[in-house]
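One structure below.
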Amino acid sequence: MSDTPPTTTQTTTELLNSEQQTGTPKYERVLVIINPVSGQQDPDETTRMIETRAERAGTHVEIRRTEEEGDAERWARGAADEGFELVLTSGGDGTVVEAMSGLIRDKNRIALAQLPSGTASQIALALDVPEDLEAALELLFDTPAKEVDLDVGYLPRQDRYFALITGAGFDAQVINESPRELKRRFGFLAYVFTGVREMFRLKRSTITLELDGKSRRVRAHTAMIVNIGRIDNANVSIGPDIWHHDGVLNVMVVGSKGLRDNLRLAWRLFHRDYANSRDLRYFRAEKKIVITARPPLPTQIDGDSLGETPLEVVVVPGGVRVLVPEAYDPGTPPDAAVKLEPGKQ
């Protein structure tokens with residue numbers, strides 16, 4: 001399979017005037033995709049909220065509930081041909097990425113909006129979409145909003161896209177060992193509980209990184225390819241100079257072992273102290289990243305188990321259009337303690 005992702009639109013598009021200014025809705029036809037088993041929201045209540053608000057605005061909405069993997073991608077891919085002007089997801093990051101993938105494969109003819117109702121909704125939080133569902137829904141109606149381009153990564157061997165993180169090692173092991181019921185009951189804390197347990201089982205591998213054709217070899221237990229580096233639930237940024245609108249992907253390599261080293265690492269991340277650590281290293285690439293490991297490491301993509309290394313990723317700048325608050329500025333990255341050169345620590 002070719003390692004070149006499908007062509008995408010890479011322009012930023014301001015929306016039409018808001019409903020308050022024009023007397024008509026921003027969007028006349030919206031496809032709503034609800035994942036009924038995601039997070040702790042009642043899908044019936046979410047449906048009633050959307051239908052009530054859309055009826056008041058004169059917007060036609062068609063609501064579909066996913067039943068199996070691939071539904072969101074298939075529906076989003078066909079949305080423009082069905083006459084919809086926007087896709088709105090209600091679910092977690094997995095549902096969002098599925099819908100994003102469908103829109104990308106359809107050449108980004110329409111944008112994606114989100115109701116952050118999943119166990120983890122890091123994509124919405126990173127784009128400043130309100131956590132409150134009613135407030136998030138208002139981006140389609142009265143709240144000033146715009147469409148911007150979001151970088152993504154593409155895995156050619158699996159023909160899949162990601163928006164957050166794909167990785168090998170500890171992050172994948174935590175996801176593998178976090179039961180759905182635990183995630184439904186405790187949300188993001190489920191990953192914390194599992195992570196503490198798995199911390200004591202860490203073993204290093206020999207990891208080879210290929211960054212835009214240049215190789216680096218490290219001893220570590222984890223290598224994560226990061227697009228969105230903010231963990232808003234924990235008020236943590238996992239690395240420097242990580243911004244999902246800069247056209248590059250970052251690689252975070254972790255080699256800490258034992259409780260003391262991992263507590264020290266957690267302290268560093270919480271305080272955004274990324275420099276001068278033998279257990280924490282950063283790299284970046286503008287085109288392509290390949291991760292191999294001996295022995296092989298488990299892999300994940302945006303919170304879903306994937307398999308084992310090798311892991312190959314192509315950078316897709318401005319891969320998908322998303323709806324954000326008007327005040328959101330894609331040109332202003334978060335403050336960074338360290339600036340990294342491409343392919344270097």
Six or more apart or on different chains, Cβ atoms under 6 Å: show the pairs whose first residue is in the range 249-269 and at pLDDT below 75 and whose second is not aliphatic (A, V, I, L, M). N262/S256
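Hey, among D241, D302, D279, which residue is at positive phi, in contact with a helix residue (DSSP H, G or I) (Cβ under 8 Å, 6 or more places away or on another chain) and assigned by TED's automatic domain parsing to the domain that holds A168?
Working: D241 fails: in contact with a helix residue (DSSP H, G or I) (Cβ under 8 Å, 6 or more places away or on another chain); D279 fails: at positive phi.
When all the criteria are applied, what remains is D302.
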Quick check on the range 328-335. Is at least one of its residues among the charged types (D, E, K, R) and within 18 Å of D149 (Cα to Cα)? yes
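The values are calculated or read from the model by the stated rules, or taken from the named source; none is laboratory data. The shown structure was predicted, so the numbers you read here are calculated from the model rather than taken from an experiment. All Cβ positions, even for glycine, are placed from backbone atoms using ideal geometry, and neighbour counts span all protein chains on display.
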